[in-house]
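J.: The structure is given below, and queries will be raised subsequently.
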Amino acid sequence: MNTKNKGAFQGIKVLELTRGKSGAFCGMVLADNGAEVIKVNDAGRGPAQVDPHYSILDRGKVIYKHDINFDKEKFISLLKITDVLINDFELSETSVGSVSYDWVKEINPGLIFCSITAYGGKGYLSLGPPVDDLVKARTGFCSSMPGFSEGDTHVMHPIGDLGAGVLAALGVTSSLYKRLKTNQGSAVRTSLYAGCLLFSPKAEGDRVKDRSVKVTAYGGGPFYSVFECMDGEWLQLGCIHGGFVDKAATAMDISDVMLNPRFGDGRTPVDEDARAELFKIVKDSIRRKTSTEWEDIFTESGVPFALVNTAEESMTHEQVIHNNMVYECIDPILGEMLQPGVPIKLSETPGNITGPRVINDLNAPAYSSAIESHSRSDVNFHETGRLPLDGVKISDITNVIAGPVAGRLLADLGADVIKIEPPYGDISRPASGPYFHALNANKRSVSIDAKTDSGRQVLRKIVADSDVLIANLRPGATSRIGLSEEVLRDSNPNLIETHITAFGWDGPFSNRPGVDPLAQAWMGLQMAQGGANERPSFLPPVAPTDYTAGALGALGAVIGLYVAEKYGYGQNVQTNLLNAGCFLTEGDFSLYSGKINRRLSDKDQKGLSDFHRLYETADGWIYISAEKLESANALLEIVGLNDKYKICSEFSFFSSTSHSDLGDEIQK
């Protein structure tokens, strides 16, 4: 059978028992790549169905609305034919009784059992609620995120949910690959807590240097911040090294200013006063021209920049459209709709959205016919204790964040990762910050001068002996160091060639220099973070599109490994920061008639409502999530306002008034 141009996971059956967005994202990835996904949904989850985010996450699935206490015999019948079970709540909550992985594998030894919790299965937080904002607060994002007011800052983007979803998909895919090689099922466990930590790598040691650049809601260095133009539009600069700073200074006609030694190379002024002075010079310069004028000037000069969009505006971005990231469907609830396309591009087994979600009753014929299929008998459970990517060789030609993220994730799954650097090292090595050490741990390292013939020969030999190549260079850069697709395919037909670029492998913006803040700006992340201020707010401690794209790159590489092991051929895998950004706006990257925009934070950037926000206490900040009717009134009683106020309805995605004077009274 010719498997090329069909989904990588054709023939794989997935049973999804999820309430949250992380499990739904995992199921979406599998469905986008050919798996048959059956989702059993709580009958009472009406509001979630009209949240556009669920329309995106549930596409390509057959969804059965039913109470989770469904018939035990039906559940067991489904388990017998299922390859992957995804759940993000305790199965002991259902009428099938106490369900453990040990019990499940007796029914289906080949099952990949994926469990997603809030904080993990052990410890004092193990029973904590899976609320993304609470997990972000506990992992330090609110305290490290700069804002327009004093104190901690609400983080708008679902990094815990998305991080856990990508990690779950990566674990499931790795386990499916391992099952091909070992004929055994396995368990995959992750959490929203782990998902948050994906975006915040930690490292301590004598050689780890603290971040020295002060960051604000406008950015970091004077040439790495967001500025307002003459026409009221905003523009993000992304000059990551001195060469780009020189180009920007020339384009802005302030080159003479840069001769002042107090300003260093534009990235490292001698002190905070010098940084503030240079920032004002750049700010005033940008204010003298319109965004359209700067767009022409910076494009011509090769300066890294982006105009700040809303999420909806990003859907008309020509590179986003070129990347096929705008998909049109007719959703059964929302009607005609635009939503994100498939974020990972595979050359031989491309992903494909089969259609919108299909919502059925649990007793519909499609469900009955599914459970009449034959149970799996070709797979046995035999625990080896080996990691799923044990024996896999990875060549890692990456720098900064996105590429190293991919290599580190694959290394943690058991792969032998060789980080290949030029003689002067990864561009992040001199700074020696925590993320450099964290993202490049668990790897071996070699330095090769690919500008010499002997260096290229050694480089080709190492890569040809690998199963996967990961690179996050500009399009065409690997060819210039002797690693063209033709050379790689001739030397190793099964090689998975994985590229993580800024904006795409080809297209109108593909050759522009790119960094995470530019993708933040273009994809609407900064405008959403600004909340009710209606101005962009920089996201320095998160680098959301970098970490997401890196994880998607790792996921794409393992999908490629699965196909190579099953069918015997390699392929080219691509993703980029813009594709990643489409899934960071929590459903805002969508368009349909009567669209209800998601709630944004207040002007102080403290939260989404009076009952879901940050509050300052006598010794620090806490995040409260009490939007359920009972908990909202309990909070009023705790703070002594229950005689004055009573909440009569729960807050939800539909809540139009999220902030009021009540929040100020609670704060007092």
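J.: With r as the distance between the Cβ atoms of D210 and E637 and R0 = 35 Å, compute the FRET efficiency 1/(1 + (r/R0)^6) and round to 0.05.
T.: Details: r = 43 Å, r/R0 = 1.24.
Between E637 and D210 the formula returns 0.20.
J.: Okay, next question. Taking a cut-off of 17 Å, what percent of all Cα-Cα pairs in region 555-612 are separated by more than that?
T.: It works out to 65 percent of all Cα pairs.
J.: I've got another one for you. For region 133-242, what does the convex hull of the Cα positions come to per residue, in cubic angstrom?
T.: Normalising the Cα hull of region 133-242 by residue number yields 199 Å³.
J.: Related question: Using the Kirkwood formula over every pair of different C-alpha atoms, what hydrodynamic radius in Å results for region 533-668?
T.: Values: mean 1/r = 0.0536 Å⁻¹.
This gives a value of 18.7 Å.
J.: In terms of solvent-accessible area of protein heavy atoms at a 1.4 angstrom probe, what is the ranking of R474, R59, R512, R288, highest value first?
T.: R288, R474, R512, R59
J.: Using the Kirkwood formula on the Cα atoms of region 133-196, what hydrodynamic radius do you get, in angstrom to one decimal? Walk me through the numbers on the way to the answer.
T.: Working: mean 1/r = 0.0742 Å⁻¹.
Taking every pair of different Cα atoms in region 133-196, averaging 1/r and inverting gives 13.5 Å.
J.: For the ranges 73-86, 514-527, what's the packing order if you count other beta-carbon atoms within 10 Å of each residue, average per peptide, and put the highest first? Can you show the working numbers first?
T.: Details: 73-86: 20.9, 514-527: 27.7.
Result, highest mean first: 514-527, 73-86.
J.: Quick one: in region 179-222, what % of C-alpha pairs are over 13 Å apart?
T.: Every Cα pair in region 179-222 considered, those over 13 Å come to 76 percent.
J.: How many Å³ per residue does the convex hull of the Cα positions in region 451-493 occupy?
T.: In region 451-493, the Cα convex hull volume per residue is 68 Å³.
J.: Follow-up. Among F279, G123, T139, whose Cα lies farthest out toward the positive end of the dipole of the chain, if unit charges sit on the beta carbon of Lys, Arg (+1) and Asp, Glu (-1)?
T.: Toward the positive end, the furthest listed residue is G123.
J.: Now a separate question. Apply the a/c threshold of 1.5 to the C-alpha gyration tensor of region 478-534 and tell me whether it is rounded, prolate or oblate.
T.: prolate
J.: Which stretch or stretches of region 302-317 have amide N atoms under 13 Å from the point lying 7 Å from L338's Cα along the Cα→Cβ direction?
T.: Taking a point 7 Å out along Cα→Cβ of L338, the residues of region 302-317 whose backbone N falls under 13 Å are 310-317.
J.: How much of the DSSP beta bridge set in the chain is antiparallel, as a percent to the nearest 5?
T.: Bridges in the chain are about 35 percent antiparallel.
J.: Per residue and in Å³, how big is the convex hull formed by the alpha-carbon atoms of region 424-550?
T.: So the per-residue hull volume is 135 Å³.
J.: Toward the positive end of the charge dipole of region 395-454, about the Cα centre and with charges on Cβ (Lys, Arg +1; Asp, Glu -1), which of Y435, T398, G414 goes farthest?
T.: The listed residue farthest towards the positive side: Y435.
J.: Let me ask something else. How big is region 208-266 along each principal axis, measuring the range of its Cα positions in Å and listing the largest first?
T.: Projected onto its principal axes, the Cα set of region 208-266 covers 42, 28, 17 Å.
J.: So, one more: Tell me, rounded to the nearest percent, the portion of alpha carbon pairs in region 178-332 spaced more than 29 Å apart.
T.: 41
J.: Further question: Report the dimensions of the chain along its three principal axes from the alpha-carbon atoms, largest first, rounded to Å.
T.: Extents along the principal axes, in whole Å: 78, 78, 50.
J.: About its Cα centre, how strong a charge dipole does region 234-373 have in debye, to the nearest 20, once Lys and Arg get +1 and Asp and Glu get -1 at the Cβ?
T.: On the way: 11 positive and 22 negative charges, 66 e Å.
The dipole of region 234-373 has a size of about 320 debye.
J.: Restricting things to alpha carbons, find the Rg to Rh ratio for region 514-557 using the Kirkwood radius for Rh.
T.: Over the Cα atoms of region 514-557, Rg/Rh equals 1.07.
J.: A follow-up question, please. Please work out the C-alpha center-to-center distance from region 267-296 to region 14-29 and express it in whole Å.
T.: Region 267-296 and region 14-29 have Cα centres spaced 45 Å from each other.
J.: Oh, and also: When the dipole is taken about the Cα centre of region 92-200, and only Lys, Arg (+1) and Asp, Glu (-1) are charged at their Cβ, what size is it in debye, to the nearest 20? Write down the numbers at each step before the final one.
T.: Numbers: 8 positive and 8 negative charges, 118 e Å.
For region 92-200, the charge dipole is close to 560 debye.
J.: Of all accessible surface on the chain at a 1.4 Å probe, what whole percent is carbon and sulfur?
T.: On the way: 13310 of 27150 Å².
The C+S portion of the solvent-accessible surface of the chain is 49 percent.
J.: Further, regarding this structure: Considering only I12, L635, V245, whose Cα is most displaced toward the positive end of the charge dipole of the chain, charges sitting on Cβ of Lys, Arg (+1) and Asp, Glu (-1)?
T.: Towards the positive end, the residue furthest out is I12.
J.: For region 262-353, state what percent of all Cα-Cα pairs lands in each successive 10 Å bin, counting from 0 Å until the bin that includes the largest distance.
T.: In whole percents, the pair-distance histogram is 12, 26, 25, 19, 14, 4, 0.
J.: State, to one decimal in nm, how far the label point of F148 lies from the label point of V446, with both points 7 Å from Cα in the Cβ direction.
T.: 5.3
J.: Using a 1.4 angstrom probe, figure out how much accessible area the chain has per residue, in square angstrom, rounded to the nearest whole.
T.: Accessible area per residue: 41 Å².
J.: What dipole magnitude, in Debye to the nearest 20, does the chain give about its Cα centre under +1 on Lys/Arg Cβ and -1 on Asp/Glu Cβ?
T.: 1620
J.: Right, next: Based on alpha-carbon centroids, what's the gap between region 122-160 and region 554-575 in Å, whole number please?
T.: 34
The values are calculated or read from the model by the stated rules, or taken from the named source; none is laboratory data. For clarity, every value in this text was computed on a predicted model and none was experimentally measured. Because the Cβ atoms are built from the backbone with ideal geometry, glycine has one as well, and the counts that use them run over all protein chains shown. Heads up: the accessible areas ignore ligands, DNA and RNA and are worked out on the full protein's heavy atoms, side chains in. Shrake-Rupley method; radii C 1.70, N 1.55, O 1.52, S 1.80 Å.
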